[in-house]
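Notes to accompany the following structure.
Read-outs throughout are calculated quantities, based only on the coordinates presented, and are distinct from any laboratory measurement. Because the structure is predicted, anything quoted here is derived from the model rather than measured. Cβ sites come from the backbone with ideal geometry, for glycine too, and all protein chains shown count toward neighbours.
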Amino acid sequence: MITLGIDVGGTFTDLVMKDHRTGELRSFKTPTTSPHFAEGILNVIRLTDAEPDEITAITHGMTVATNTALEMNGAIVGVITTKGFRDVLIVGRGNRPNLYDIKTVRPPPLVPRQRILEVDERMTGTGEVHIALKESQVLAACKQFKEMGVEAVALCFLHSYANPAHENKAAELIKSELPDVSISVSSEILPEYREFERFSTTALNAYVGPKVAQYLELLESKLTANSINAPLRIMGSNGGTWSAKDMAREAVNALLSGPAGGVTASVGIAHLLNIPNIITYDMGGTSTDTCLIRNYEYEMTTEGHVGMWPNRAPQIEIKTVGAGGGSVAYLSQGKFLNVGPRSAGAIPGPACYGRGGKEPTVTDANVVLGRLRPDRALGGEIDLDHDAALKAISRLGQELDLTPERTAEGILRLAAARMTASVKEISIMRGLDPRDFTLVAYGGAGPLHAAEIAKELGINKIVIPPMPGEFSAFGLLAADTRYDVSRTKLTPLNDISLEDLQDLLQPLREEMRRRLYRDGFQEKNVQLQAFLDLRYAGQAFELRTEIPDPIQNIDHITTTFQAAYEERYAHRDTAPVEIVSFRVVGVGKSPNIKLPKHASNAIGKPETRLVSFDNAFLKATIHKRAALPIGTSILGPAIIEEEGATTVVPPGFSASLDLFSILTLQLVGSD
Amino acid sequence: MTKIDPITLEVVTEGLISVVREMRATVFRTARSVAIYEARDFSCGLFDARGQVVAQSEDIGAHVVPLPWSVESALEDFGDDLFPGDVILMNDPYRGGTHLNDVTIIYPVFENGELVFFPAVREHWADVGGAVPGSMSGTATEIYQEGMRIPPIKILEKGEINKPLLEVLLSNMRVRDERLGDFNSSLAACKTAERRLNELTSRYSMQVMLDCVDLNLRRSENRMRENINALPNGQYYYEDYMETFGPDGFEPLLLPLNLTITDDEMTADFTGASPQVPAPVNSTLAVTAASVYIALKSTLDPAHALNHGSFRPLHVVAPEKTIVNVGHPAPAGSHGEIRKRVIATMLGALSRASPELVSADIHRTSFHNLIGGIDPASGSEYVHYEWACGGNGGLMEADGPSAMAAIDWGDLTTVQSTEVLENRFPLHVERAQLGIDSGGPGQHRGGFGMRRSLRLTRGTASYSLLSDGAIMPPFGIHGGESGAPVDCYVIKKDGGEHHFSRPGKVGGYPLSEGDTLVLQSAAGGGYGDALSRKTDAVSEDVKNGLVSIGIAEEIYGVQFNDANEVDENKTGEKRAELLASRAKIKVKAVDNDPYVPSGPSKRRGISLNPLDIKTFGLKIDQKIELLDAQGPPLRGWVRSDETVVLGTVCMDTNGMLLLGVEDGKEVQLRPLNIPSVTY
């Protein structure tokens, strides 16, 4: 019995394999084969030498949905909406994307206005029919869509969260008129109020859906052709896995499929080490993802965005900063030094890639400082050209009147200052102090910069998990299945009885059980949690409050909300409390993946190399992670190398490896 | 000064900006009023001991850019008399404030007994007392009706709060507890800043910090100087109007701008602006100067983080007791209107100095709509506040964005959710659409304004509007045409329409169940000649239903065949025909004052020979525009004068400057076109 976690990133396709007979955990890496991602997946599976019939489960993290949205090459979408509201998707909330810039324009809409058609129909906020649906107009719209070559339809009617009858009827008509077109219904995708956000999420689903569906279909057929019949599960933005069929239908939930695996794996590490509060730091080539985990739980949000478009699907609250190994350092007018968000990408890439890149990048800075070893960094795929890096950095240094080493160090310090700004902001917004957290660093470039980041945040302790370069793939192996269902019904909390509340939650619970049983989970592995989105009457923002099962009384919910509100906003209010949405989260628990024990090898004297810290080249010890003995503390300056990642231990830090091969860096003299 | 390496400089700069971000996060976390933590109507800033902006973040330009004037007033009063633990509170528009609702806390931070920084927070308090709930009255005649006026006062002295004083203030404001919450959140933010600044100083030393601040100010100053230096030296002029109504109807108030560029410095001189009036169309020097700065930053140097250095090459002259530098006792509530108009005059004047960097005029007003009453269903009082944004001006590269916040508004959300609104208020939103044909035609047309129709579903309500730009439409540049102005009216339950006699200025109009309020925000002006717009762009607009076929044919000259495709040949002919039919007139330089009285102010008369008036099909007192192919249009009211030579128009020096032409040059003459908007 073998299970696979496969994470397809921009540069590499990573696989982590668990052999449940031996308990062995192995990782593999091949170049990503964009845009034919399935090829790369088959390639990396071949590397494992696993017999197809031994593979019992595959969990996959992908970027197809995200790339489709960001590169704007999704389906030709047609929208049908309520008369008078054609422009909701065009103008959104009327925000200005860049302050103080008169030249700011909106990016082109996902759906041009000519493919947004209006029909007579109207529900009220309480779900009563105000204007009946004019079905002939839906049929006429179908005819127009056919002429326009529409591939996916989004149905976006006002107040459909309160009564989906019109959307359902329209969907039925479209199904019979346009049988080959995929349909996204706003009351199914996101039955919550606020029309722009719901319409946008639905249109995004229609836009990315067909590509995701085609991709998953192709992938499944290729796996079958290779005699691999294991069920394919897809990592969702909500941190749980989905059946490939569900994800194909609700692809908007795959927009954070990539980074979610690392976050869920970090929760596992947090449990293993008994550290409830961590900040994850996943740094790749072009961007860095961070997430705050409190008391072993990541924060969820529905306030996501893809480019300009709101994505209200429930998702892990991940902050992405446009700074990574490929971020370019340059001077702008007036001698202001910038690092990113411009990136050298994979082509030409950093100067040290020797592919024609001339501008200095963060990776070049690491090469100049001796932190990245030229001949075997980045999974051994690319030989790094030290001289090219030095030349690029020196050129910038001359303009700044700094030595190349100072310049390189400056680039890293500045990148760290920029990357930590949003972490500081979200922690203070929650009334938290980052110094109370442990940093968990992974991704190809995470361990390289972790100490710098920790210093900037005032954090003393850093954890580098095993296989940091393939950590997201590892997370996929262990991920639970998770679905979120919700419904908006504005109700004063005081007006509702316990019975009413149960009646409203019951259908959501049943829907959840149905999905999880269908996915093969047994009752003992099914966990349901119910939440209410609550607010003080008159506010426009809600706070998700968990309600215990069984519920004792309504007052108890009020008190829980007030406490949560006070924790978040530092004061209490006396206004009545109002329910906005009812929500049930269902989790199908996967068996825990145990990390294998570190096979410690006694080693001889480590190599040394000159590595620059604080403008001086120091003799740093160079270690192989796989060969580190358990429990021994290494004092910085040191470099710890492994396949796919390099960990920097600066002077003043110590590093030690535990039984499970988890590496911990600690500021000397701190607890 | 010690030598600061460029890396330390950047890291300290990032640290200072981070202080402001953390201030924002603190306000957001601790504020108690909806306007603050939902609409984010507040701003934070960090100032040095001389009151210069050192750092800001994603804050609202309209708030934070005028803040230095408040700090300056505070320093005037307390310069030598500030001690650790002192905290200054103020909102006085006459002393460097904006409007009374913008209440400011200024918090001196000391290091070794020396004053080093002032973190400051400006929050829009939802009520500061005065005649009407919300304090913003469209009918105020004196500042006393707009709320409590607070000159710079020490609300905390050496750490001791002046409780009686705070009680007096709060007792004169509605929803006292919420106001106290606003006050506390500002204070908490400043305390966060103090803590972070102390951490930064212990890491980098005060001297390094101050040197970094100084370097930052200097390099920002240099950057702005370089940008100004790149503009041609010279005198530039634009004039525009604020809208008021007298006993005889419309009384435009003149707002002229003489802009002088001398090498790397710029002077914006508003001498000649209308005297202040007992109506809410006045604002403060701080708002005026800040608006000049916002216009300049948004056009010349948008990318760079904001600090005071880039203000330095800029001089603003605004005579006292005028609409742009209001004094006691005139109302000062119209900062949203003066700001937009000052920015408009800057765009107009800059369009000649730097034709490619500016946009055409932007939607002219902050468009404050208030609908309030008692909902019979719940018996409780409600106020719905709408500030739906309009279109932005066309640009050299692109059409102006439709229904989007203007450059002075930061990240404010400006379109409210219909579903939220209908669940909360006895209102039914019938439509929320772009106004077809509203965008000013041009090579790159202006962005479209919005039309929202709201029907009152229960009980009665009252409607107020504090706006401007309901008569004079947003102007185009480089030949571009006007966008649609603000237009608000009521469709009565019986189908009859009520149009307001003083468009844009409404105080407490009664609405009954079934009445529908139509709110149309202004659009943006066009950039460049409409006849040079790409035919496929016109065709796309038609397909998207944003431009009607009539406008496409008659204004853009684009002709379509039976298959609705562009007929390029016929289009060429039509465009040539339209071009040839344009009225032309020769400019003759004279010394006469062209203006005619307009209430306490004046407006420009354009004197034409009676025969020309007839030939051009114009009427006396009709609004017209004169324009050259480059630059802004000169607007004025037709006067008949037999002494004017046929085929010519007399022009004063400012008029010549605005048009950018010499004596004897021919310019185009056209009626001031108000686009008719459909849905």
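Give the order of A:ILE279, B:ILE549, A:ILE554 when sorted by the count of other beta carbons within 10 angstrom, beginning with the fewest.
Numbers: A:ILE279 27, B:ILE549 11, A:ILE554 18.
Listed from fewest to most nearby Cβ atoms, that is B:ILE549, A:ILE554, A:ILE279.
Considering only C-alpha atoms, what is the centroid distance from the stretch B:168-198 to the stretch A:471-495, in Å?
What the calculation gives is 37 Å, centre to centre.
Pop a pseudo-label 7 angstrom from the Cα along the beta-carbon direction at both A:ASP49 and B:ILE549 and give the gap in nm to one decimal.
7.3
Would you please state which residues of the stretch A:475-516 a label at A:ALA564 would reach in this model, taking the label point 7 Å out along Cα→Cβ and a backbone N cut-off of under 15 Å?
Residues A:485-487, A:493 qualify, since their backbone N sits under 15 Å from the label point.
Kindly state, to the nearest 0.05, the FRET efficiency for B:THR262 paired with A:SER670, given R0 = 60 Å and r defined as their beta-carbon distance. Before the final figure, lay out the partial values.
Working: r = 58 Å, r/R0 = 0.97.
E between B:THR262 and A:SER670, to the nearest 0.05, is 0.55.
Could you tell me which of A:ILE554, A:LEU532, A:ASN494 has its Cα farthest along the dipole of the stretch A:481-588 towards the positive end, charges placed at Cβ (Lys, Arg +1; Asp, Glu -1), taken about the Cα centre?
Positive-most Cα among the choices belongs to A:LEU532.
For the cross-link pairs A:LYS83/A:LYS489; A:LYS175/A:LYS222; A:LYS143/B:LYS543; B:LYS297/B:LYS505; B:LYS158/B:LYS191; A:LYS103/B:LYS543, which exceed 20 Å when the distance is taken from alpha carbon to alpha carbon? If you can, show how the numbers build up before the last one.
Values: A:LYS83/A:LYS489 23 Å; A:LYS175/A:LYS222 29 Å; A:LYS143/B:LYS543 17 Å; B:LYS297/B:LYS505 31 Å; B:LYS158/B:LYS191 14 Å; A:LYS103/B:LYS543 25 Å.
Cα-Cα > 20 Å for A:LYS83/A:LYS489; A:LYS175/A:LYS222; B:LYS297/B:LYS505; A:LYS103/B:LYS543; rest within.
How far apart, in nm, are two points set 7 Å out from the Cα along the Cα-to-Cβ line at A:LYS134 and at A:ASN226?
Each label point is offset 7 Å from its Cα along the Cβ direction, giving 5.4 nm.
What ranking do B:SER354, B:SER601 get, fewest neighbouring Cβ atoms within 10 angstrom at the top? Mind showing how you got there, number by number?
Details: B:SER354 18, B:SER601 22.
Lowest to highest Cβ neighbour count: B:SER354, B:SER601.
Lys pairs in the stretch B:583-671, Cα-Cα under 21 Å, at least 8 apart or on separate chains: how many?
14
Enumerate the lysines that A:LYS358 could reach by cross-link, defined here as Cα to Cα under 25 Å, with residues fewer than 8 away along the same chain left out.
Within reach: A:LYS335, A:LYS391.
For peptide A:335-342, compute the average count of partner chain beta-carbon atoms within 10 Å of each residue's beta-carbon.
Counting other chains' Cβ atoms within 10 Å and averaging over A:335-342 gives 3.
Which of the lysines could be linked to A:LYS589 by a straight reach, that is with a Cα gap under 22 Å, when you skip same-chain ones fewer than 8 residues away?
Reachable lysines: A:LYS18, A:LYS245, A:LYS524.
What is the calculated FRET efficiency for A:THR301 to B:ASN592, with r their C-beta to C-beta distance and R₀ = 51 Å, to the nearest 0.05?
0.20
Once you have a ≥ b ≥ c as the square roots of the Cα gyration tensor eigenvalues for the stretch B:583-671, tell me rounded if a/c is under 1.5, and otherwise prolate or oblate according to whether a/b is larger than b/c. Numbers along the way, then the final one.
On the way: a/c = 1.34, a/b = 1.05, b/c = 1.28.
It comes out rounded by the Cα gyration axes.
Relative to the present Cα-Cα distance, how much length would full extension add between A:ASN98 and A:ARG26 at 0.36 nm per residue of separation?
Numbers: separation 72, 0.36 × 72 = 25.92 nm, distance 4.56 nm.
This chain segment gains 21.4 nm when fully extended.
Determine, for B:TYR463, A:TYR215, the number of other Cβ atoms within 10 Å of each Cβ, and report the residues in order from fewest to most. Can you show the working numbers first?
Values: B:TYR463 24, A:TYR215 21.
By the 10 Å Cβ count, ascending, the order reads A:TYR215, B:TYR463.
So, R0 is 41 Å and r is the distance between the beta-carbons of A:ARG294 and B:THR457; what FRET efficiency does that work out to, to 0.05? Spell out each step's value before the answer.
Details: r = 44 Å, r/R0 = 1.07.
Given R0 = 41 Å and the Cβ-Cβ separation, E is 0.40.
Pairwise over distinct Cα atoms, reciprocal of the mean inverse distance: report the Kirkwood radius of the stretch B:513-596 in Å, one decimal place.
On the way: mean 1/r = 0.0626 Å⁻¹.
After inverting the pairwise mean of 1/r, the radius is 16.0 Å.
Taking every residue in B:178-190, how many Cβ atoms of other protein chains lie within 10 Å of its Cβ, on average? Don't skip to the end; give the middle numbers.
Values: counts 1, 0, 0, 2, 0, 0, 2, 3, 0, 0, 1, 0, 0.
Averaged over the peptide's residues, the number is 1.
As a check on your grasp of the helix formula, calculate [θ] at 222 nm for chain B: sum -39500 (n - 2.57) over DSSP H runs of n ≥ 4, divide by the residue count, round to the nearest 500. Please report the intermediate quantities before stating the final value.
Values: 15 runs with 190 residues, N = 679.
-9000 deg cm²/dmol, from helical runs alone.
At q = 0.10, 0.12, 0.17 Å⁻¹, what is the log10 ratio I(q)/I(0) for the stretch B:360-533, with the Debye formula run over Cα points and no solvent?
Relative scattering, expressed as log10 I(q)/I(0), comes to -0.39, -0.54, -0.95.
Quick one: dipole size for the protein assembly as shown, taken about the Cα centre, charges +1 on Lys/Arg Cβ and -1 on Asp/Glu Cβ, in debye to the nearest 20. Show your work: numbers first, answer last.
On the way: 131 positive and 171 negative charges, 220 e Å.
With only Lys, Arg, Asp and Glu charged at Cβ, the dipole is about 1060 debye.
What is the Cα radius of gyration of chain B over 2.2 N^0.38 Å, N being its residue count?
On the way: Rg = 25.9 Å, N = 679, 2.2 N^0.38 = 26.2 Å.
So chain B has a normalised radius of gyration of 0.99.
Which is farthest toward the positive dipole end of the protein assembly as shown among A:ALA132, A:ASN295, A:VAL111, measuring Cα position about the Cα centre, with Cβ charges +1 (Lys, Arg) and -1 (Asp, Glu)?
After comparing all options, I get A:ASN295.
To the nearest 20 Debye, how big is the dipole of the stretch A:2-55 about its Cα centre, given +1 on the beta carbon of each Lys and Arg and -1 on that of each Asp and Glu?
Values: 5 positive and 9 negative charges, 34 e Å.
Here the stretch A:2-55 has a charge dipole of around 160 debye.
Using +1 on the beta carbon of Lys and Arg, -1 on that of Asp and Glu, and nothing else charged, what's the dipole of the stretch A:607-667 about the Cα centre, debye to 20?
On the way: 4 positive and 6 negative charges, 28 e Å.
It comes to approximately 140 debye.
Return the calculated 222 nm mean residue ellipticity for chain A, to the nearest 500 deg cm²/dmol, obtained by summing -39500 (n - 2.57) across DSSP H runs with n ≥ 4 and dividing by the residue count.
Values: 16 runs with 214 residues, N = 671.
Helix-only estimate at 222 nm: -10000 deg cm²/dmol.
Roughly speaking, what is the stretch gain from A:LEU498 to A:ARG435, that is 0.36 nm per residue apart minus the C-alpha to C-alpha distance, in nm to one decimal?
Details: separation 63, 0.36 × 63 = 22.68 nm, distance 4.17 nm.
Length gained, A:LEU498 through A:ARG435: 18.5 nm.
Indicate, rounded to the nearest 5 percent, the antiparallel portion of the DSSP beta bridges found entirely in the stretch A:489-638.
Values: 25 of 26 bridges.
Taking every DSSP beta bridge with both residues in the stretch A:489-638, the antiparallel ones total about 95 percent.
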